[in-house]
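The values are calculated or read from the model by the stated rules, or taken from the named source; none is laboratory data. Remember, predicted model here, so these are calculated numbers, not experimental data. For neighbour counting, all protein chains shown are included, and Cβ atoms are generated from backbone atoms with ideal geometry for every residue, glycine included. What goes into the accessible areas is simple: the full protein's heavy atoms, side chains included, and nothing from ligands, DNA or RNA. Shrake-Rupley method; radii C 1.70, N 1.55, O 1.52, S 1.80 Å.
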Amino acid sequence: MSVYWSDYNFGNFENSVSRLFDDFFKDLNVERQSGNNISQSGGSRAKWAPPLDVHESEKEYSVNAELPGVTKEQINLDIRENTLIISGETKKDEKYKEGNTHIQERRYGSFTRAITIPRNVKTGDITAKFENGILEVKLPKDENAAKKISIQ
């Protein structure tokens with residue numbers, strides 16, 4: 001008896017693992033909005049979520065989003081109700097209009113990530129730069145908000 005990888009439905013397994021990680025990130029106040037919409041042709045997802053690194057130093061928080069193949073013009077940054085929202089959309093490459101595509105792993109379509117901003121962030125001083133497929137958002141801390149009140 002031969003067993004082939006194509007005999008297994010890994011889509012359900014992938015969805016289960018994605019939900020497990022989504023629940024984990026919700027506990028960290030980092031929302032991963034992973035779309036589970038597979039295109040009719042079996043290609044890349046119509047919705048996807050870029051991977052993030054979130055780092056805290058003494059003076060600021062840094063959020064790095066990996067956005068390969070995305071241009072600066074395709075990225076939207078918004079702050080709504082103490083939430084940083086990174087969103088945008090990539091278009092499918094229409095380079096090959098004739099013939100058959102045998103493997104299609106690049107992602108396209110809309111993407112969104114939402115991160116709750118800590119209360120001690122100076123929202124008016126947030127900066128962002130995009131270089132080599134990495135979006136870096138700097139969220140400076142408000143030193144006055146972080147100071148503890150001493151009781152005398």
Say whether the condition of being part of a loop (DSSP other than H, G, I, E, B) and exposed (fewer than 10 other Cβ atoms within 10 Å of the Cβ) is met by at least one residue in region 81-92. yes
Hey, among the residues in region 59-80 that are among the acidic types (Asp, Glu) and more than 26 Å from Asn144 (Cα to Cα), which one's surrounded by the fewest Cβ atoms within 10 Å (Cβ to Cβ)? Glu73
Filter region 122-148 for residues that are in a strand (DSSP E or B) and either of a type in the set (Gly, Ala, Ser) or open to solvent by less than 100 Å² (accessible area, probe 1.4 Å) (or both) and give the result. Thr127, Ala128, Phe130, Ile134, Leu135, Glu136, Val137, Lys138, Leu139, Pro140, Lys141
Which count do you get for residues in region 122-133 that are touching a residue at least 12 places away in the same chain (Cβ under 8 Å) and either on the phi > 0 side of the Ramachandran plot or touching an Asp or Glu at 6+ places or on another chain (Cβ under 6 Å) (or both)? 2
Is region 41-52 home to any residue that is more than 14 Å from the chain's Cα centre (by Cα), modelled with pLDDT of 60 or more, in a loop (DSSP other than H, G, I, E, B) and closer than 12 Å to Leu135 by Cα? no
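Can you tell me which of Glu56, Glu81, Glu73 is free of Cβ contacts under 8 Å to residues at least 40 places away in the same chain and farther than 28 Å from Asn120 by Cα?
Values: Glu56 fails: farther than 28 Å from Asn120 by Cα; Glu81 fails: farther than 28 Å from Asn120 by Cα.
Glu73 is the lone residue from the list that is free of Cβ contacts under 8 Å to residues at least 40 places away in the same chain and farther than 28 Å from Asn120 by Cα.
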If Arg119 satisfies all but one of (1) open to solvent by 40 Å² or more (accessible area, probe 1.4 Å); (2) in a strand (DSSP E or B); (3) in contact (Cβ under 8 Å) with a residue 12 or more places away in the chain; (4) among the charged types (D, E, K, R), what's the number of the condition it fails? (2)
Checking the structure you have, find out if any residue of region 96-108 is under 18 Å from the mean Cα position of the chain (by Cα), outside any loop (DSSP other than H, G, I, E, B) and either of a type outside the set (D, E, K, R) or surrounded by fewer than 17 Cβ atoms within 10 Å (Cβ to Cβ) (or both). no
Scanning region 67-103 for residues that are over 27 Å from Asp53 (Cβ atoms) and among the polar types (S, T, N, Q) gives Asn100, Thr101
